[in-house]
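Okay, structure first, notes after.
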Protein chains: 4
Amino acid sequence: VPESKPAALRRLLEGDRVVRVIGAHNGLSARLVEWCGFEAVWASGFELSTSCALPDASILTMSEALDAARTMNEAVSIPIIADCDTGFGDTANVVHMVRRYESAGIAGVCIEDKRFPKLNSFVEVGQELISVDAFADKIRAAKRAQRDPDFVVIGRTEALIAGLGVEEALERAAAYADAGADAILVHSRASTPQQIWAFMARWSLRLPVVIVPTTYRASLAELERHGVRVVIHANLGIRAAAKAMRETFMELQAAGWVTPGIEDRIASLDELLELQGMRDLIASRQ
Amino acid sequence: VPESKPAALRRLLEGDRVVRVIGAHNGLSARLVEWCGFEAVWASGFELSTSCALPDASILTMSEALDAARTMNEAVSIPIIADCDTGFGDTANVVHMVRRYESAGIAGVCIEDKRFPKLNSFVEVGQELISVDAFADKIRAAKRAQRDPDFVVIGRTEALIAGLGVEEALERAAAYADAGADAILVHSRASTPQQIWAFMARWSLRLPVVIVPTTYRASLAELERHGVRVVIHANLGIRAAAKAMRETFMELQAAGWVTPGIEDRIASLDELLELQGMRDLIASRQ
Amino acid sequence: VPESKPAALRRLLEGDRVVRVIGAHNGLSARLVEWCGFEAVWASGFELSTSCALPDASILTMSEALDAARTMNEAVSIPIIADCDTGFGDTANVVHMVRRYESAGIAGVCIEDKRFPKLNSFVEVGQELISVDAFADKIRAAKRAQRDPDFVVIGRTEALIAGLGVEEALERAAAYADAGADAILVHSRASTPQQIWAFMARWSLRLPVVIVPTTYRASLAELERHGVRVVIHANLGIRAAAKAMRETFMELQAAGWVTPGIEDRIASLDELLELQGMRDLIASRQ
Amino acid sequence: VPESKPAALRRLLEGDRVVRVIGAHNGLSARLVEWCGFEAVWASGFELSTSCALPDASILTMSEALDAARTMNEAVSIPIIADCDTGFGDTANVVHMVRRYESAGIAGVCIEDKRFPKLNSFVEVGQELISVDAFADKIRAAKRAQRDPDFVVIGRTEALIAGLGVEEALERAAAYADAGADAILVHSRASTPQQIWAFMARWSLRLPVVIVPTTYRASLAELERHGVRVVIHANLGIRAAAKAMRETFMELQAAGWVTPGIEDRIASLDELLELQGMRDLIASRQ
């Protein structure tokens, strides 16, 4: 029997190397994450919202997020960690969500302690947290709802995003660990990783820590030194895609037809037929 | 009352300028097509299949294609032309499809005369056509099924793709026009547009002609000279996105952290918050 | 041009007769509502949740509710009023919801002043309302979001359900009318209609009133006398279906084969082939 | 570790008692099947199409059928056998379908040897079969595509439905067994079970046989005597539901309000709150 995806994710979390996870928003981007050698896919709420041209503000429903996670999961052999925002409501919604994501073969979910509906963490307004107890309840309910013991629930604190400081982040992280979380994600939008290092210095390390550098930068060596277990690059794929598409369209608009300049900057049709699995399908017909 | 999207598409088809349509696969790519000044979006079966990491071979269901078309349609104010392959089955499936796409506010659909399940036109095998009569039946059924007289049904012949020559393409196009099609799409995978020009030279021009240059190139001036009404660049967006994502991921893999080089080549978080509509949402809260 | 469904619903609301609306949860039940001569379908959250074997507690997502409403809408020629609970979150969710329901051709939506996530109104706990202002904001946002002026937004107050009395219900109804609601739904779970009659006696009648008798009964003559415009029988269909299925299964369990007794109590295969549209499909093939 | 649903279904197939399976079309009907003591649920294409008010003619997509099967699967602890018609296209569609159904936790699928798009077996026209080889290919591909060895693939022959006789049914069944099917479903619309008994008399019994009595009747004792392993009552639930809903609506139409007669014939609100799981949800909040 091959290793299940939840078991594979748990093995990564319990290993001693930094695990590198890349954000994706559809089957193609997930498959490219795997092809480029990364170890897991982050089914990013921000990427998915952007791909639907909708604000990252709890507008997309759980159904839509789950469908996208399923598509990514079918496209790769590495585990998917699904960014589930606040859990799409309160505790009863979290229970429902965990059952559905687990049934779909998703390796793990991440829920955060913001109020539903949430706003993206890089927006200056509306970063209100729910109480520690209310979120710990969500974590406990999530852990009770899962059936496969390997399924992973990551508790994410937005204490730093909400401007509440490292102390609050540590208290929340400890409470979520007590409630049964399998890992803690601590998010920051500072321009340097100092807050994160301060958090790590005082964190007991009894649970693996996940970070999502977006506004700050950190090297793998630094992450290792500070004891971070997982680094998620959560939105590079769609940012690359958006820029490339816009530039291609603008050049086409200016040129009036497809120029050699355009063709040099895009993948060939054959590469995409390979990526989408058409070559395998044709081979199987013969 | 503002002009409906089907009416807008019909106006474009009946105009006297070349209409430029760009393929998209999600809300983001559709919105970029509009932002870059094009006049309609092609909800591309190839792009959508690739984005799901599935072969372009009638594997995606009508439900999935329609959901994607809806997302694109909500993201833009320009009309969507939905690439509906063979119509997802036979005549009864086409009738059902037309009703559902029309109900969803899609401006028009394009169906092709290949056998269901089809293979992508740039694959060397499996390019089998159904009979002229069987496909003319589909067109007639589609036209009878629509309720809004402005809704557009484009009949696409794959005669050139199947290697049957310009004569066959012309006969089929004429039959589909007789059956009530609103426009004819003639597809070719030759390396030059000569086949297309040969078709145009003998086409009565009683219906607008749509082309999808992929392996051949043609300038707007040439299209105008030969009487082509609509040109669809059907897969540039996803090819640009795939290359950009892969290069970004490869550089990240090599560098071990987010480097300045990467950030220069991707859109900023702020641009995407703008594109996804977050700025509007926040403004509306104040 | 035939009358649109939103226009048909508006005409019913502005008429002077009591409009009778029946709850449904799928295409079949909606079609039976129309075949039995009723004037509109209530796409019931309670019925839909029950049909999915899920608690009526904001567990079903907007995507699922909308998909079900679409299926019902395609199945009938009468208007659908969609029970949209709290609007699936806060004001931004309401705006998104209105756009999607309107795009799908749904005639109108009903939103209520309970907190998200809500519990079914016949449960004794958890009937907490949001403030008048917060809900009036939702109504205003919904009305601004619609594009077709005929699209109907019904404001539903749960003041009586929450035990806050007729005075509070009247104040809330007036505020929701001021905010632009097209009709007011006042819900009660008393065993008699006295609360409703007390509400009607003091209601200015400037907007049509909708009621949903479930625990109390009222005749059409009474509704007319008290000035009620719309009566929704919200859950009879699924209650009838559940009992009939259970009894059929129990009898089958007891009998060990299909007995004559069962067949007398169920519709024939032919009736269902007729209801599902198979006869029309076959006729169209000939 | 609890027994997986595919393993449970396989155990039933390999047992020595007649297994009784009841058709369902949503979570509610599936849950009632389990509550009434049956051993598995048939996610019926006919029931599902009827519930959507769509002809049972390959109009519903695999996405819709799979979503419904998922909802049923989440609602019960017994295995689901999904009626997958022709497999939604040709061999490549079958492969895709098996992967998706297996990923969703469905215990097994049944595919039939009719041409896509199919018509319901009780319609007199359009009962055309594909060749034995073409269908054996589908079975082989399905078996190769599954990852969990317990996942069940049932090969269904419509030879009797197509009027080809018992000999053809036996030849096809043997070929499908050779191709790897886990069980054979032989369908008949005769008014007596004589065809089925004739089939059973000559069937080697190396694979379990499944029947779907609809126009003919058979007792459990007879099934046992003739060696049938599984009996599916495929459409009783929706036929019971349709009749009960129509009668309730007609009586309401006639009476003008909900009478004691209506209330006696429907389930109580409390029963449905119990069935939908609301009581459990409330208990978990306390």
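The values are calculated or read from the model by the stated rules, or taken from the named source; none is laboratory data. Source: prediction; values computed, not measured. Because the Cβ atoms are built from the backbone with ideal geometry, glycine has one as well, and the counts that use them run over all protein chains shown. Note: areas computed on protein heavy atoms with side chains; ligands, DNA, RNA excluded. Shrake-Rupley method; radii C 1.70, N 1.55, O 1.52, S 1.80 Å.
Here the dipole of the range C:198-240 is about 80 debye; that uses its Cα centre as origin and unit charges on the Cβ of Lys and Arg (positive) and Asp and Glu (negative).
Going from the isolated chain to the complete set of protein chains, the range B:64-109 loses at least 20 Å² of heavy-atom accessible area (1.4 Å probe) at B:Glu64, B:Arg70, B:Thr71, B:Glu74, B:Asp90, B:Ala92, B:Asn93, B:His96, B:Arg100, B:Ser103. Considering only B:Gln253, B:Leu236, B:Thr215, the residue lying farthest towards the positive end of the dipole of the range B:213-263 is B:Thr215, judged by Cα position with unit charges set on Cβ. Taking the 0 to 90 degree range and rounding to the nearest ten, how far is the long axis of helix D:165-178 tilted relative to the main principal axis of chain D, both from C-alpha atoms? So the inclination is approximately 80 degrees. With semi-axes defined as the square roots of five times the eigenvalues of the C-alpha gyration tensor, the equivalent ellipsoid of the range D:76-232 measures 24, 18, 15 Å, largest first. In degrees between 0 and 90, to the nearest 10, how far off the longest principal axis of chain B does helix B:91-103 point, with axes built from Cα atoms? The answer is roughly 50 degrees. Considering only DSSP beta bridges with both partners in chain C, what is the antiparallel share in %, to the nearest 5? Beta bridges within chain C, antiparallel portion: roughly 5 percent.
Given label points at 7 Å from Cα along Cα→Cβ, what nm distances, shortest first, separate B:Ala255 from the same residue in every other copy? Listed shortest first, these distances are 2.7, 7.3, 7.3 nm. Accessible area of B:Asp90 (1.4 Å probe, protein heavy atoms only, ligands and nucleic acids ignored): about 40 Å².
For C:Lys243, a cut-off of 29 angstrom between C-alpha atoms picks up these lysines, skipping any fewer than 8 places away in its own chain: C:Lys118, D:Lys5, D:Lys243. Inter-copy label distances for D:Gly15: 4.4, 5.5, 6.8 nm (label point placed 7 Å from Cα along Cα→Cβ; shortest first).
Separation of the range D:158-233 from the range C:182-251 is 50 Å, based on Cα centroids. Tell me, how many Å apart are the Cα centres for the range B:24-42 and for the range D:64-109? Rounded to whole Å, the Cα centres lie 35 Å apart. The DSSP beta bridges internal to the protein assembly as shown are antiparallel in roughly 5% of cases. D:Leu205 exposes around 100 Å² of accessible area when a 1.4 Å probe is run over every protein chain in place.
In whole percents, the pair-distance distribution calculated for the range A:11-154 from its alpha-carbon pairs, binned every 10 Å from zero, is 12, 42, 37, 9, 0. For the rotation that carries chain A onto chain D, the axis lies closest to a Cβ at A:Ala104, 4, where the number is the distance in whole Å.
Report, in deg cm²/dmol and to the nearest 500, the calculated mean residue ellipticity at 222 nm for chain D, where each DSSP H run with n ≥ 4 adds -39500 (n - 2.57) and the sum is divided by the residue count.
Values: 13 runs with 137 residues, N = 286.
About -14500 deg cm²/dmol.
Give, to the nearest whole percent, the P(r) tail of the range C:172-286 beyond 22 angstrom, counting all Cα pairs. Write out the running numbers ahead of the final one.
Details: 3805 of 6555 pairs.
Beyond 22 Å sits 58 percent of the P(r) for the range C:172-286.
Inter-copy label distances at C:Ala134, using a point 7 Å along Cα-to-Cβ, come to 0.9, 5.9, 6.0 nm with the shortest given first.
Take the Cα atoms of the range A:199-250, build their convex hull, and give its volume per residue in Å³. Don't skip to the end; give the middle numbers.
Working: hull volume 3.9 nm³, N = 52.
Residue-normalised Cα hull volume stands at 76 Å³.
Within the shell of other residues whose beta carbon sits under 10 angstrom from the beta carbon of C:Val186, the net charge comes to +1, with Lys and Arg scored +1 and Asp and Glu -1.
What number, in percent, do you get for the relative contact order of chain C if the mean sequence gap of Cα pairs under 8 Å and at least 6 apart is divided by its residue count? Relative contact order of chain C: 18 percent.
Using equal-weight Cα scatterers in the Debye expression, the normalised intensity of the protein assembly as shown in log10 at q = 0.05, 0.07, 0.08 Å⁻¹ is -0.32, -0.66, -0.88. Under a Gaussian network description of chain B, with springs only between Cα atoms under 10 Å, the residue in B:Trp42, B:Trp257, B:Trp203 that fluctuates furthest is B:Trp257. Relative to the first principal axis of the alpha-carbon coordinates of chain D, what is the inclination of helix D:236-255, with its axis defined by its Cα atoms, in degrees from 0 to 90 and to the nearest 10? In chain D, helix D:236-255 runs at an angle near 30 degrees to the longest axis. Measuring spread by the Cα atoms of the range C:115-157 yields a radius of gyration and Dmax of 12.9, 38 Å.
What part of the accessible area of the protein assembly as shown, given as a whole %, is carbon or sulfur when the probe is 1.4 angstrom? Can you show the working numbers first?
Working: 18850 of 37890 Å².
Accessible surface attributable to carbon and sulfur in the protein assembly as shown totals 50 percent.
Once the 1.4 Å probe is applied to the protein heavy atoms, the protein assembly as shown comes out at 33 Å² accessible per residue.
Partner aspartates and glutamates whose Cα lies under 13 Å from the Cα of C:Lys143, excluding those fewer than 8 positions away in the same chain, are identified as C:Glu102, C:Asp178, C:Asp182.
Using just the Cα positions, wrap chain C in a convex hull and report its mean projected area in square nanometres, one decimal place. Intermediate results must be reported in sequence, preceding the final value.
On the way: hull surface 68.7 nm².
Spelled out: convex hull of the Cα atoms, projected over all directions, averaged, 17.2 nm².
Using a Gaussian network model of chain B whose springs link C-alpha atoms within less than 10 Å, name the residue from B:Arg31, B:Arg202, B:Arg189 with the highest mean-square fluctuation. Largest GNM mean-square fluctuation: B:Arg202. Could you tell me the accessible area of C:Ser131 in Å² (1.4 Å probe, neighbours in place), rounded to the nearest ten? Approximately 60 Å² for this residue. Buried between B and A is an accessible area of approximately 7100 Å², summed over both sides with a 1.4 Å probe.
If you take every residue apart from C:Ile106 with its C-beta less than 12 Å away from the C-beta of C:Ile106, what net charge results, scoring Lys and Arg +1 and Asp and Glu -1?
Its environment carries a net charge of -2.
Counted by Cβ distance under 12 Å from B:Ser29, the other residues give a net charge of +1, where Lys and Arg count +1 and Asp and Glu count -1. Averaged over peptide D:110-117, the number of partner chain Cβ atoms lying within 10 Å of each residue's Cβ comes to 2. Residues of the range B:211-249 whose accessible area (probe 1.4 Å, heavy atoms of protein chains only) drops by at least 40 Å² once all protein chains are present, relative to their chain alone: B:Arg217, B:His233, B:Leu236, B:Arg239, B:Ala240, B:Ala242, B:Lys243, B:Met245, B:Arg246, B:Phe249. Any chance you could list P(r) for the range D:1-82, counting all Cα-Cα pairs in 10 angstrom bins from zero, rounded to whole %? Using 10 Å bins, I get a P(r) of 19, 48, 27, 6, 0 for the range D:1-82.
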